[in-house]
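The values are calculated or read from the model by the stated rules, or taken from the named source; none is laboratory data. Nothing here was measured: the structure is a model prediction, and the numbers come from that model. We place every Cβ from the backbone using ideal geometry, glycine too, and count neighbours over all the protein chains shown. Protein only, heavy atoms only, side chains kept; ligands, DNA and RNA dropped before computing areas. Shrake-Rupley method; radii C 1.70, N 1.55, O 1.52, S 1.80 Å.
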Amino acid sequence: MQPTPAPLLVIVRQDSSTSQVEWSKASLSIGRDGTNDIIIDHPLASRRHARLEYDANGFSVRDLDSTNGTFVNGERVEDTRPLYNQDRIWVADTEIVFNDPEATQKGPLPLEILKRVQASSDSDDAIRIDTRTKEVYIEGKLLEPQLTVKEFQLLELLHIRRGEVVSKDDIAKNVWDYEVYDYNAIDALIYRVRQRIEQDPGKPRFLVTVRGFGYKLLIE
């Protein structure tokens, strides 16, 4: 079964590039592997990360047990979630805006709207990350000097999974790319990032500890 008329997917990447894809078949695969219909070339994307599905019940997105999760409008997808017009799907550093058939029959969205998609998605965040320039903004102010590579990778991971508890094992795997047995190194890295982003590192507002589980980034 093919959706008729085909919905329009607006794909916005962190380098500000924007593309459009017509959802013209029953399912579209998303992930890091080059055989996917929508390729997300980012280390936080799983090889087979998620799938967009269409059936008699309508449109939906299914998370394929990805490591870092699939998010719709800021909420993590548990198995499958229905899609509605203008829903925003996040996979790693990429946002996919779903436009239902009624909204797309008149043709592609105006260019000026497409350019605003990425800017509007993070404009109200207390912490904003530009993965292209490796810059971090706290309350709209550029953080200077820039974070070190490991500091940035940690903050980027927590930002993508903001509001979610991230374990030390996940941090070890995504920031060091191998299992870290000395978790003191992670504690030290957390300490350094807090020193950079928190007004009072002793009473963190953004990067909080969830004892026994890991760390969580709060940006609202």
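The set of residues from region 31-61 being under 13 Å from Leu83 (Cβ atoms) and crowded, with 16+ Cβ neighbours inside 10 Å comprises Ala50, Arg51, Leu52, Glu53, Tyr54, Phe59, Ser60, Val61.
Note on region 93-121: among residues that are at pLDDT 80 or above and open to solvent by 10 Å² or more (accessible area, probe 1.4 Å), the one that is farthest from Ile39 (Cα to Cα) is Asp100.
Quick one: in region 200-220, which of the residues that are part of a loop (DSSP other than H, G, I, E, B) and more than 18 Å from Ile138 (Cα to Cα) is most open to solvent (accessible area, probe 1.4 Å)? So that I can check it myself, show each step before the final result.
Going through region 200-220, the residues part of a loop (DSSP other than H, G, I, E, B) turn out to be 200-206, 211-213, 218-220.
Imposing the further condition that a residue be more than 18 Å from Ile138 (Cα to Cα) reduces the set to 211-213.
Values: Arg211: 207, Gly212: 87, Phe213: 146 Å².
Filtering region 200-220 for residues that are part of a loop (DSSP other than H, G, I, E, B) and more than 18 Å from Ile138 (Cα to Cα), the one most open to solvent (accessible area, probe 1.4 Å) comes out as Arg211.
What number of residues within region 62-75 satisfy the criterion of being surrounded by 16 or more Cβ atoms within 10 Å (Cβ to Cβ) and under 13 Å from the mean Cα position of the chain (by Cα)? Going through region 62-75 one residue at a time, the tally reaches 6. Whenever a residue of region 7-26 is touching a residue at least 12 places away in the same chain (Cβ under 8 Å), its partners that are among the charged types (D, E, K, R) and part of a strand (DSSP E or B), lying with C-beta atoms within less than 6 angstrom and at least six residues away or across chains, give the pairs Val12/Glu95.
If I go through region 122-138 residue by residue, how many of them are within 21 Å of Asn73 (Cα to Cα) and either open to solvent by 100 Å² or more (accessible area, probe 1.4 Å) or modelled with pLDDT of 90 or more (or both)? Even if it seems obvious, please write down each step before you answer.
Initial filter on region 122-138 (within 21 Å of Asn73 (Cα to Cα)): 122-131.
After this cut, where a residue has to be either open to solvent by 100 Å² or more (accessible area, probe 1.4 Å) or modelled with pLDDT of 90 or more (or both) as well, the list is 124.
Within region 122-138, residues that are within 21 Å of Asn73 (Cα to Cα) and either open to solvent by 100 Å² or more (accessible area, probe 1.4 Å) or modelled with pLDDT of 90 or more (or both) number 1.
You will find that of Leu143, Leu154, the residue that is more than 20 Å from the chain's Cα centre (by Cα) and under 30 Å from Ile89 (Cβ atoms) is Leu143 and no other. Residues being more than 22 Å from Pro82 (Cα to Cα) and in contact with a Ser or Thr (Cβ under 7 Å, 6 or more places away or on another chain): count how many of those fall in region 7-30. Result for region 7-30: 2. Out of region 77-92, which residues are more than 19 Å from Trp23 (Cβ to Cβ) and either open to solvent by less than 40 Å² (accessible area, probe 1.4 Å) or in contact with a strand residue (DSSP E or B) (Cβ under 7 Å, 6 or more places away or on another chain) (or both)? Asp79, Ala92, listed by residue number. Residues considered: Gln20, Gln2. Of these, the only one that is surrounded by fewer than 20 Cβ atoms within 10 Å (Cβ to Cβ), assigned to a loop (DSSP other than H, G, I, E, B) and modelled with pLDDT under 95 is Gln2. Taking region 203-219 as the range and being more than 19 Å from Ser167 (Cβ to Cβ) and touching a Lys or Arg at 6+ places or on another chain (Cβ under 9 Å) as the test, only Ile219 passes.
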